[in-house]
Structures are given as structure tokens and as C-alpha cells.
Amino acid sequence: MAKVELKGISKVYEGNVRAVDNANIVVEDKEFVVFVGPSGCGKSTTLRMVAGLEDITEGELYIDGELMNDVPPKDRNIAMVFQNYALYPHMTVYENMAFGLRIKKVAKDEIDRRVHEAARILDIEKFLDRKPKALSGGQRQRVAVGRAIVRNPKVFLFDEPLSNLDAKLRVQMRAELSELHLRLNATMIYVTHDQVEAMTMANKIVVMKDGKIQQIGSPLFLYNHP
Ligand code: ADP
Ligand code: ADP
């Protein structure tokens, strides 16, 4: 179970920049919700508040009915995948995926099990001993997703994970991420400026502009009512 609720959430940065203005949205359990809108509209800030990487200025964030505003990121049971992969260059793929679990003192055989399972799902088993620099962009992005999967999070957060990839790979990875959503049966919140990505992947689309939610709807509805 993982239902995420944003109730009247706002973010005001220093200098009185209202990056997010009174966002109200319910992400149901197992839903794939995509926030879409132009650069600077507040998507990333919204996601970072859900992750706990950014303080919430106003409003309340609930995960499964529990107030999260003051809960540190490590206790929110979420995992975030970033645009720039954020892999450790000196570690192998295996070590990159295992690192977070080692710090959490997860048992070695359990780490091993989870890393291999994630690698199998993502089809990167062959690369476990390689360093990130010996991987293609798509393979690196899979490792970044793998690092999130091994945490067994309740909620996956994606911040423009495909925007550094070329067009062909983007199309392929879209399909892979949709499949991953079905396979993991997890709640996912995904942020992008790419409307096609939103239309092809989302169960529910949240359209943002100038910090405000403009529209919430199914891909088909929004396609017919632009
Ligand atoms: P998006 O993800 O949609 O591109 P962001 O959430 O990154 O938008 O940014 C929303 C607004 O907040 C922008 O105007 C941006 O300049 C501003 N902003 C983002 N981060 C900060 C920060 N740390 N300090 C001040 N303003 C910020
Ligand atoms: P490090 O951040 O140095 O890799 P950890 O993996 O233990 O070490 O992370 C420390 C905390 O940072 C975690 O408990 C978690 O809350 C947060 N964190 C690290 N990676 C992620 C991620 N991919 N998604 C969400 N939170 C993360």
C-alpha cells in the first residue's frame, strides 16, 4: 500500500519565489502519475518535497495517511531516480546498487539476492562488474533504476530520468519503465517536460504551469481536451 496525498502544498524559496502554489493531488496506491509542464513550473520542487529533499513551506504531505512533513527522507520509504544518474564512478554496478543497503546494514546475502533480482529485471546482469564509465547511457539509467528497486520502496520518484538519452533510447526506456511499473506493482510519481512521455506512460497526468496545478486527468481525456 502506498497512497500519497498533497494537501495545499506550497514552496516559497528565498527571495519570495513561489515555486509551488497550493498543490492538491492524491496519488492512489499503484498509480503511475506523471507531472508534466514547462521548465521552471515547479515539477522538480514538488517531487523533492515528496522525497523530503526540500522543506514544505505550507500544506501537508501524507503517505498512507501518515503526516510526512517532518519525517526525514530515509524514513519515508521512497526511492528517487535522478536525471543525471548520480552513480559513483569508482564503484562497480554491483557496488553502486548495494551501497545504500550496506549503509543500512542489510545482511550480505539479502543484499546479494536483491541486487541480482533487480539486475535480472533490468537485464543488466552482464554488467555487474563494470564501472559506470564502461556503460552506455541507457545501461547507466538502468543501474540508477536498479539502485532504487533494491531499496524495496513503497513509492518510486522519477525526476526527468530519460532527458539525457537520445530519442530512440527514450522511446525504448519509456516502454521499459511502463513494464516495470506493472511488474513491481508500485506507486510511481514521474516528472517530465515531455508531453509524449506523459501521454504514453501515465495512468493520471498532472499538468503544471507557473507553480500551479492546471489540470488533472487521464491521458485519453487530456488528449481529447487539450
Ligand atoms: P521544474 O522542475 O518544473 O523545471 P523547478 O521546481 O526546478 O521547476 O523550479 C520551479 C521554480 O523555482 C523556478 O522558478 C526555479 O527557478 C525556482 N527554484 C528552484 N530551486 C530553487 C532554489 N533552490 N532557490 C530558489 N529558487 C528555486
Ligand atoms: P548515500 O546517500 O550516501 O548513498 P544511503 O543510500 O544510505 O547513502 O542514503 C542515505 C539516505 O539518503 C537514505 O536513507 C535515503 O533516505 C536517501 N537516499 C539515498 N539514495 C536515495 C534514492 N535513490 N532515493 C531516495 N532516497 C535516497
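The values are calculated or read from the model by the stated rules, or taken from the named source; none is laboratory data. Computed from a prediction, not measured in an experiment: that's the story for all the values here. As a convention, Cβ positions derive from the backbone with ideal geometry for all residues, glycine included, and neighbour counts pool all protein chains shown. Please note that ligands, DNA and RNA were not included when accessible areas were found on the heavy atoms of the full protein model with its side chains. Shrake-Rupley method; radii C 1.70, N 1.55, O 1.52, S 1.80 Å.
Using a probe radius of 1.4 Å on heavy atoms only, what accessible surface per residue do you get for region 160-215? Whole Å² is fine.
Averaged over the residues of region 160-215, the accessible area is 49 Å².
In degrees, nearest 10, range 0 to 90: what is the angle between the Cα axis of helix 137-149 and the longest Cα principal axis of the chain?
For 137-149 against the chain, the angle is about 80 degrees.
Out of the total accessible area of region 1-153 (probe 1.4 Å, heavy atoms of protein only), what percent is carbon and sulfur?
Exposed carbon and sulfur together represent 47 percent of the surface.
Counting DSSP beta bridges with both partners in the chain, what percentage is antiparallel, nearest 5?
50
Provide the per residue accessible area, probe 1.4 Å, for region 41-83, rounded to a whole number of square angstrom.
Per residue, region 41-83 has an accessible area of 46 Å².
Could you rank SER39, SER178 by how accessible they are, 1.4 Å probe, largest area first?
Largest to smallest exposure gives the sequence SER39, SER178.
By how many degrees, between 0 and 90 and to the nearest 10, does the Cα long axis of helix 108-122 differ from the longest principal axis of the chain?
Relative to the chain, helix 108-122 is tipped by roughly 70 degrees.
Among 92-102, 165-175, what's the highest-first ranking by average C-beta atoms within 10 angstrom per residue?
Ranked from most to least packed, the peptides come out as 92-102, 165-175.
Shape call for region 120-192 from the C-alpha gyration tensor, a ≥ b ≥ c root eigenvalues: rounded (a/c under 1.5), prolate (a/b greater than b/c) or oblate?
oblate
Show me the ranking of peptides 119-131, 46-58 by mean Cβ neighbours inside 10 Å, starting with the highest.
46-58, 119-131
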